[in-house]
């Protein structure tokens, strides 16, 4: 005996109890409120297949409580419902079917336009299966990869038999969800499954994985298994699906009242859990298993008032089954907050029975979603009940809930059919039947039967049309999807420890851990503009490109003219993709006749490497690409005193003739061999010192020491943001859209269309014939929010219509006014030059750079 | 069993080590129209396709293989 907390009350549980069985014993009958109409839902399937018993357990929403064992001190509450699930005023939506018909989001709240904004907020609050705790940090899950000959999904009788067979010829991993699958056969001792399990577990090459949920069968036979602390990716040569069957969902008016229950749920309560599921019961028996369930109920002392039984099983009905209605069927169930009576019907005649429990053993439906995800030709076999067929049965033609996850009734299906959605697959999409947490376990068969019975063309096929099964087969938590992300290693430059010692605020950027600020970023900014400052740019992509074909390679890759670049000179290069869109940018330096040095953005290094190697290979060029990103560090020395600083340390001359702009020179700084590249990104005199990674700390210390009397301080990414913004330089990715051509970026000078060929040229030719629909602009703001940075991301409007967006914004220190970058669309064939921002500020289009337009300062 | 790609340097490796590089396309052609067609109008065959794979998590070389898009068999 133990206890857990349920909505402020203490609930005791017995050994072996699930949360659902303990709550049922405690007298809870309303387990949840339905998604759309807030109808009461009671315990229904008892096997983890339906959505009814979903509750929030220890802060995790949408947990199927019939699959969770009780634990001391657990906190359980029902989600949905206002003020609570027991007294839910939102149940009024059940009377509003007319404004929320099937597919209502396509039909209602369309006009006037503002209505949706209001309605969306209301609907969001009303609907849903609970709220994620916004502050709780997710448990970290690790990722494991397993290669195995055979994966058996499901450790029931069929699965264990298949495991034994497969173990003879190779390694086997057999996984099972746990609880739900094994709580079925009550009373049979010794339990044949337990016996077989013990036998199989002792076999060589067999691994049993409990409480592992298969999420899907992916291409190349890849099956992810979700477990409590890990996500296991299994790569088998062969998959055996032995997931068993669910009990058939009954569709009739009142079928979702609390008190209506599938046979397995009722038998599990009455048998192993020792809870009487009701006082007076009506039972429907159409399966062998149902006969056993009926016996279990009678043994537990449930008064069975009537049993509707299929003719073949009449002889098997035990004593005490009440009035026998052979060949009978449920006509409807009635009740208020729970079941009060059931009408059984036979040959058109109905008879009412007062009762508080209706137990349905209607048949078995294969739990074959995983099997149906496999592609043709893949080695996936289905065994046991999962291999059962789905026969067509005429649906009752009456109303009733088909889909309990999304509140879709038979009436809704009829209406959708009348609206022209005349096929199981599009009925599914339109009504969302089978798309809820149960993934069609309950409603899939009913939907298929409905579609098959309506489809008059040409002859009804012998098998019901099943809708496509897709992963995930079971509800999956976000922390499962995020499994392994904490294992990603941040790359660090060789200067990382110096940054930490200097008290820098480090954060992730482009796969690296980088300093954003060392304290006051505005002070860092001033150091660059007024004196001299250092920045760790060792994260830049750095490539040596050499060989007889190297010149051809860079000429064919980059859209600008390359052949006139002399050794010792550097050029800004854009990289385009085949579609002519800007992907990355960087600096290309010519080192010698057949040798080049390329720097790319920090985040773009991996793709640049792939792109260079691809092109060299496709063109058959004799060119070699050496990725020096990890071997070389780089320090940007920037500011009006940058040259003076280097003169104190360099053995070589660094005047404008020796290291011209734009150009580079190989020289020795404080004894460290450096490639000094003149750069213009921050708009001041700047030298990027590329050096062997190991010697980075030594070089950094020497530079910092030499600049001490100028109050030298390093700058981080925060200062860089404004420094480059004042120069109007875009960050590819932040300021650009995925389909920005050089023309849209205002950089036509970065392209030489007279070149014979470069990547993206044919696309630019075609797009050049079209009018420009969008372009990047510099912006100045007035009347904006106090913090200019808050403007970033705001829409830009002309006469109330959104025509653009602000991609960067900050208050310029040197100009003392708010500036930004953004993109705007053409309006009536021209580009507007005055716009409103989303928060009501005025934005004027201005030319860039904002600062030092003729570039005199960076040329030094 | 995962699809395995024959890398020129490393031999057969699981496809998860590779990045897909799309259909093989000739770059040069006699006129710009043909060049345009080669670049932008892929054949997208249902059957054997010559395609590029980049051994991103390995030796970082590119390779060209023929894969049947229906069966994933590598010819």
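The values are calculated or read from the model by the stated rules, or taken from the named source; none is laboratory data. Keep in mind that this is a model prediction, so the values were computed, not measured. Glycine gets a Cβ as well: all are built from the backbone with ideal geometry, and neighbour counts include every protein chain shown.
For this structure, a couple of remarks:
- Tally, over the stretch A:61-93, of residues that are touching a helix residue (DSSP H, G or I) at 6+ places or on another chain (Cβ under 9 Å) and assigned to a strand (DSSP E or B): 5
- A residue that is under 26 Å from the mean Cα position of the chain (by Cα) and in a loop (DSSP other than H, G, I, E, B) can be found somewhere in the stretch A:504-523.
- Residue satisfying condition, being part of a loop (DSSP other than H, G, I, E, B) and either farther than 26 Å from residue A:284 by Cβ or outside the structural domain of residue A:322 (by TED's automatic domain parsing) (or both), within set A:425, A:414, A:406: A:406
- Being in contact with a helix residue (DSSP H, G or I) (Cβ under 6 Å, 6 or more places away or on another chain) and at pLDDT 95 or above is a property that holds for residue A:11.
- Qualifying residue in the stretch A:123-130 (condition: at pLDDT below 75, touching a strand residue (DSSP E or B) at 6+ places or on another chain (Cβ under 6 Å), at negative phi and not in a strand (DSSP E or B)): yes
- Of the residues in the stretch A:138-152, not one is assigned to a helix (DSSP H, G or I) and crowded, with 19+ Cβ neighbours inside 10 Å.
- Complete set of residues in the stretch A:810-848 that are part of a loop (DSSP other than H, G, I, E, B), surrounded by 14 or more Cβ atoms within 10 Å (Cβ to Cβ) and touching a strand residue (DSSP E or B) at 6+ places or on another chain (Cβ under 8 Å): A:826, A:831, A:832, A:838, A:841, A:848
Here's the yes/no breakdown for (1) touching a helix residue (DSSP H, G or I) at 6+ places or on another chain (Cβ under 6 Å); (2) more than 28 Å from residue A:407 (Cβ to Cβ); (3) free of Cβ contacts under 8 Å to residues at least 24 places away in the same chain:
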site: A:255; (1), (2), (3): no, no, no
site: A:263; (1), (2), (3): yes, no, no
site: A:288; (1), (2), (3): no, yes, no
site: A:299; (1), (2), (3): no, yes, no
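- Residues that are under 32 Å from the mean Cα position of the chain (by Cα) and closer than 18 Å to residue A:572 by Cα within the stretch A:717-734 comprise A:730, A:731, A:732, A:733, listed in sequence order.
- Scanning the stretch A:769-781 for residues that are within 21 Å of residue A:825 (Cα to Cα), within 14 Å of another protein chain (Cβ to nearest Cβ) and not in a strand (DSSP E or B) turns up at least one hit.
- Consider the stretch A:747-768 and keep the residues that are buried (at least 17 other Cβ atoms within 10 Å of the Cβ) and assigned to a loop (DSSP other than H, G, I, E, B). The one that is farthest from the other protein chains (Cβ to nearest Cβ) is A:747.
- Any hit, the stretch A:354-365, residues being over 14 Å from residue A:250 (Cα atoms), touching a residue at least 60 places away in the same chain (Cβ under 8 Å) and surrounded by fewer than 18 Cβ atoms within 10 Å (Cβ to Cβ): yes
- Residue within the stretch A:366-386 that is under 23 Å from residue A:46 (Cα atoms), touching a strand residue (DSSP E or B) at 6+ places or on another chain (Cβ under 9 Å), in contact (Cβ under 8 Å) with a residue 60 or more places away in the chain and assigned to a strand (DSSP E or B) present: yes
- Of the strands (runs of 3 or more DSSP E) contained entirely in the stretch A:592-681, those carrying at least 1 residues that are within 14 Å of chain B (Cβ to nearest Cβ) and touching a residue at least 24 places away in the same chain (Cβ under 8 Å) fall at A:624-627.
- Filtered residues of the stretch A:216-273 (kept if part of a loop (DSSP other than H, G, I, E, B), within 14 Å of chain B (Cβ to nearest Cβ) and surrounded by fewer than 23 Cβ atoms within 10 Å (Cβ to Cβ)): A:219, A:220, A:221
- For the stretch A:301-327, residues that are closer than 14 Å to residue A:359 by Cα and modelled with pLDDT under 95 total 2.
- Unmet requirement for residue A:186, which otherwise passes all of (1) surrounded by 19 or more Cβ atoms within 10 Å (Cβ to Cβ); (2) modelled with pLDDT of 95 or more: (2)
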